[in-house]
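To keep things clear, I will list the structure first and then write my remarks on it.
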Amino acid sequence: MAAHLGRRLRRGATSGAIVAAAVAALAASQAPGTPPPPADNASGDTPIGAGDATTPPNGSASGDSPYFTDLPTLNTPNQPGAPTPNVPITTGPAEAGIPASVLAAYKRAEESIRSTDPGCNLPWQLLAGIGKVESGQARGGRVDANGTTTSPILGPVLNGVGFANISDTDGGAYDGDRVHDRAIGPMQFIPSTWATWGQDANGDGKKDPSNIYDAAQAAGLYLCANDRNLAVKADLDRAILSYNHSNEYLSTVLSWFEYYKRGTHQVPDGTGVLPVDRSDNRGSGRTPGRTVPTPPVTPAHPGTPKPHPSKPGTPKPPTPPTTDPALTVVRIKDAASGTLTATAGTTFTTRPTVLALDTAGKPVAGVKVRFRIGDGTDTRFALGGVREITAVTGSSGKAATPELKAGEQTGDFTVSATVVGRSLNALSFKATVTERRADKLARVDEKELAATTGGTFADEVRVKATAGGATASGVAVTATFVTSADDPKPATEGPFFKAADGTAVRTLTGLKTDADGVLKLPEIFAGDKAGGFTLKLTAPGGGTLAVQLKVSAPATDPTPSPTTPTPSPTTPSPSQTPSAPATPSTAPSPSQSTATGAPKATPSA
């Protein structure tokens, strides 16, 4: 009953059938823990998706606002390249036509997101299905040359009467309401959600929910949130329901999704088929599906006399044909882009910018300009990580690329700019990627580095690189053993490094500092010569460091001097007979005999 009453209260919330269905979409139905969407880094973006605190009280991203319920015809278009037997390939019925700018925006969003989040498997046909039920493909493609709707597409006031109650979050900047929020644009974002997921997909320096390029890119990122893989049916359903928590909404979007997958064709902007039946006007008896008429004339200012209506039967003047702005362009020139130089791994501070001029030298708005990054480096556009992108000139006739992000490959390259649909001479911008630099190298510690000949240095050598006082990561450092601190000639003896094949080398290149700007040198071998040695480290940007090493000969033990042993007394064996003394003839005294061990003399007769 409450839902039925809500639908009745929603009648008349929008003005006319051509106004897009109100969907307070994409906001706050995010579950806790939703990962932040990637930053597009265009126009000074910072990483987005830090959290959206504005959650509709009923948990629905749209506040249960109405949507178009028209279903595709049974005459489904054939997929080009995969015809049904005996059935010719056709462009399909009118419902299969998608306005040119709207179709281009969907396809660009798919290409961009597939390059940054390939695991999401976002198909552009899903964006087309949602765009159909949300706004009838931006009211049948009523957008200007830049992709912005010619008039605002606003949902109902989210004041809690039949919808979510969401107080104003943008000061009326987007929806013109300073009290409550309203969904806005071809993909129906509420302002608080746009603040989180908004993108600048066309590189015009603005994030505009009323721009089909910006809105399609943001919608694609939102659908891919929570690590969804849209090739998985369960994830696909959850993504669609995050727009509107209604099974009927899910079925309607899926019907158009499958319909567009079978084939579509491009129609001019402003001529798309606009759906009629909405979820809050069933049974109205209106004929579903009609071609969008020519946009109405802007109302005259008060006091301006109104034109008299034509008499019955008077033919209306023919609508003048639309002129492609590109046809009036005679040349494009550099709009003071400045020097395009960046250090490896950083973003270029300036962007290629062109100015489109007509024969009178006046700027031309609405011109599509294709920019392409040439070979020579791995530089890419920060938005989507692609090498080619199309921008549209604004009212000043200027078009700029998104920011350029330098990779690790250094060198020169060019960015070319051409007018889409014309054979005018291309404009080239020269650009350079320079190597990372450090203006100072210093040891992390000051331990004495000492070793003995034939050994290795026990203490490792760790060096910190900085540039302007800031950590310098990824800086290439060259290490060379030199003759002395005052003689930079490479040394031919003393300490050395070892190459992969085990040979001694005294110069190493290709060393790089880590994310903290620190470099740890490989093991150092002492060599076979004692003395003091110098290892010189150099880095691009002027950073140098002389590291002193000391090699000593190994200590030796002194050789002991020989000594003469003292002989020990010997006692003659019994078989030995001592020689008789020559003198005296008298017998020794008893004490002497005992002392010498000689037998006692026998007195003569």
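The values are calculated or read from the model by the stated rules, or taken from the named source; none is laboratory data. What you see is a predicted model; the values in this text were computed from it and never measured. All Cβ positions, glycine included, derive from the backbone under ideal geometry; neighbour counts span all protein chains shown.
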Practice prompt. Could you please give the count of residues in segment 238-257 that are in a helix (DSSP H, G or I) and under 31 Å from the mean Cα position of the chain (by Cα)?
Written response: 7
Item to complete: Give the residues of segment 246-278 that are out of contact with any helix residue (DSSP H, G or I) (no Cβ under 6 Å at 6 or more places or on another chain) and among the aliphatic types (A, V, I, L, M), sorted by residue number.
Response: Leu254, Val267, Val276
Worksheet item: With respect to Ala539, is the statement that it is of a type in the set (A, V, I, L, M), crowded, with 17+ Cβ neighbours inside 10 Å and at pLDDT below 95 true?
Response: no
Worksheet item: Which one of the conditions (1) surrounded by 15 or more Cβ atoms within 10 Å (Cβ to Cβ); (2) in contact with a Leu (Cβ under 7 Å, 6 or more places away or on another chain) does Thr453 fail to meet, given that it meets all the rest?
Response: (2)
Item to complete: At least 3 residues that are over 20 Å from Glu448 (Cα atoms) in each: list the strands (runs of 3 or more DSSP E) lying fully within segment 463-538 that qualify.
Response: 476-482, 507-512
Discussion item. What pairs come out if I take residues in segment 244-265 that are over 17 Å from Leu127 (Cβ atoms) and assigned by TED's automatic domain parsing to the domain that holds Ile190 and pair them with residues that are among the hydroxyl-bearing types (Ser, Thr, Tyr) and surrounded by 18 or more Cβ atoms within 10 Å (Cβ to Cβ) whose C-beta lies under 7 Å away, six or more apart or interchain?
Written reply: His245/Ser60
Worksheet item: What single numbered condition from (1) buried (at least 18 other Cβ atoms within 10 Å of the Cβ); (2) among the charged types (D, E, K, R); (3) part of a loop (DSSP other than H, G, I, E, B); (4) modelled with pLDDT of 80 or more fails to hold for Asp280?
Response: (4)
Discussion item. Checking Ala231 against (1) of a type in the set (A, V, I, L, M); (2) crowded, with 17+ Cβ neighbours inside 10 Å; (3) part of a loop (DSSP other than H, G, I, E, B); (4) modelled with pLDDT of 90 or more, only one condition comes out false. Which one?
Written reply: (2)
Practice prompt. Kindly indicate whether Val505 is hydrophobic (A, V, I, L, M, F, W, C), surrounded by fewer than 17 Cβ atoms within 10 Å (Cβ to Cβ) and over 15 Å from Ala472 (Cβ atoms).
Written response: yes
Practice prompt. Could you tell me which numbered condition Gln188 fails, if it satisfies all but one of (1) crowded, with 22+ Cβ neighbours inside 10 Å; (2) under 30 Å from Pro352 (Cβ atoms); (3) not β-branched (Val, Ile, Thr)?
Written response: (2)
Discussion item. Can you pull out every residue in segment 518-527 that is farther than 20 Å from Lys489 by Cβ and either of a type outside the set (Val, Ile, Thr) or buried (at least 22 other Cβ atoms within 10 Å of the Cβ) (or both)?
Written reply: Leu519, Lys520, Leu521, Pro522, Glu523, Phe525, Ala526
Worksheet item: Quick check: is even one residue across segment 448-458 closer than 29 Å to Gly407 by Cα and in contact (Cβ under 8 Å) with a residue 60 or more places away in the chain?
Response: no
Practice prompt. Give me a count of the residues in segment 421-446 that are surrounded by 13 or more Cβ atoms within 10 Å (Cβ to Cβ) and part of a loop (DSSP other than H, G, I, E, B).
Written response: 10
Item to complete: Check Leu340, Leu357 and return the single one that is more than 28 Å from Thr471 (Cα to Cα), assigned by TED's automatic domain parsing to the domain that holds Pro402 and either in contact with a Gly (Cβ under 9 Å, 6 or more places away or on another chain) or crowded, with 19+ Cβ neighbours inside 10 Å (or both).
Response: Leu357
Response to the item:
Taking first residues from segment 104-122 that are surrounded by 20 or more Cβ atoms within 10 Å (Cβ to Cβ) and second residues anywhere that are outside any loop (DSSP other than H, G, I, E, B) and among the acidic types (Asp, Glu), the pairs with Cβ under 6 Å that are 6 or more apart or on different chains are Leu122/Glu110
Worksheet item: Is it true that some residue in segment 404-427 is of a type in the set (A, V, I, L, M, F, W, C) and within 30 Å of Leu521 (Cβ to Cβ)?
Response: yes
Worksheet item: Taking Pro554 and the conditions (1) surrounded by fewer than 18 Cβ atoms within 10 Å (Cβ to Cβ); (2) not in a loop (DSSP other than H, G, I, E, B), which numbered condition does it fall short on, given that it satisfies the others?
Response: (2)
